[in-house]
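Heads up: the structure comes next, in structure tokens.
The values are calculated or read from the model by the stated rules, or taken from the named source; none is laboratory data. Note that this is a predicted model, so its numbers are computed, not measured. We place every Cβ from the backbone using ideal geometry, glycine too, and count neighbours over all the protein chains shown. Areas reflect the complete protein model, heavy atoms only, side chains present, ligands, DNA and RNA absent. Shrake-Rupley method; radii C 1.70, N 1.55, O 1.52, S 1.80 Å.
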Amino acid sequence: MSIVRGVYEGLTAVIYGFIFDIALKLLLLIGFTDIIYDILQLIIAILWIGMAMFGWGGVCIISKGTCRLSTIYRYVMFIVIPIMAFSYILYLYSNGVAAALLFLIAVSITLGLSVSGYVGAYIISNQFRNNLGRIGVVISIIAVIMWLTLIPRVMEIGTAINAVGNALIVIALMQVRRRYSPNISIRRK
């Protein structure tokens, strides 16, 4: 695989990772409701972490500052997913206190992963002098700080602000990705 194709695919995965980041936060905001939402939270968490892990590994070719992000996502995946699964199981068995504690730990680690992804996006935006990406990162980090209040209304507003920040990051990364678009040769008859 060529370097250009590897970077293009990595940036594509990172872009999808930022989209799944918002989807996961929306589901986490709902909390424990029923088994369908709980399974959706697990699936989205696995997809989000997996895409970010693959994506930052590809982006690492052009930005050495993002190399560690792929490793962070890889190891944290083995921590967050089991914690979330155990919290759901405890919730099903009516152990609300333990379930809530594990859920808060999982959400805290997820927010930390989000911030590490924003740092990676800032490094890329800074490298390519993209102000839109920098602004998006600042907005998203402010939104994550709003999540730390644990006040439901503030968390809802934070999620909406986070969606705006992530949209700006996605637009910036799509601009960078265009530089690494693989050439497609057109055969003329």
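Output the number of residues of region 90-114 satisfying the condition of being loosely packed, with under 15 Cβ neighbours inside 10 Å and under 15 Å from the mean Cα position of the chain (by Cα).
Counting residues in region 90-114 that are loosely packed, with under 15 Cβ neighbours inside 10 Å and under 15 Å from the mean Cα position of the chain (by Cα) gives 2.
Give the residue, chosen from V14, V7, that is at pLDDT 90 or above, among the hydrophobic types (A, V, I, L, M, F, W, C), over 16 Å from the mean Cα position of the chain (by Cα) and at negative phi.
Among V14, V7, only V7 is at pLDDT 90 or above, among the hydrophobic types (A, V, I, L, M, F, W, C), over 16 Å from the mean Cα position of the chain (by Cα) and at negative phi.
Name the residues in region 17-59 that are open to solvent by less than 30 Å² (accessible area, probe 1.4 Å), more than 23 Å from A143 (Cβ to Cβ) and modelled with pLDDT under 90, would you?
D38
Just the residues that are part of a helix (DSSP H, G or I) and β-branched (V, I, T), please, taken from region 39-70.
I39, I43, I44, I46, I49, V59, T66
Take the conditions assigned to a helix (DSSP H, G or I), under 24 Å from L11 (Cβ atoms) and not β-branched (V, I, T) and apply them to Y73. Does it pass?
Criteria met by Y73.
Checking the structure you have, find out if any residue of region 145-166 is open to solvent by 20 Å² or more (accessible area, probe 1.4 Å), in contact (Cβ under 8 Å) with a residue 40 or more places away in the chain, assigned to a helix (DSSP H, G or I) and among the polar types (S, T, N, Q).
The answer is no; no qualifying residue exists.
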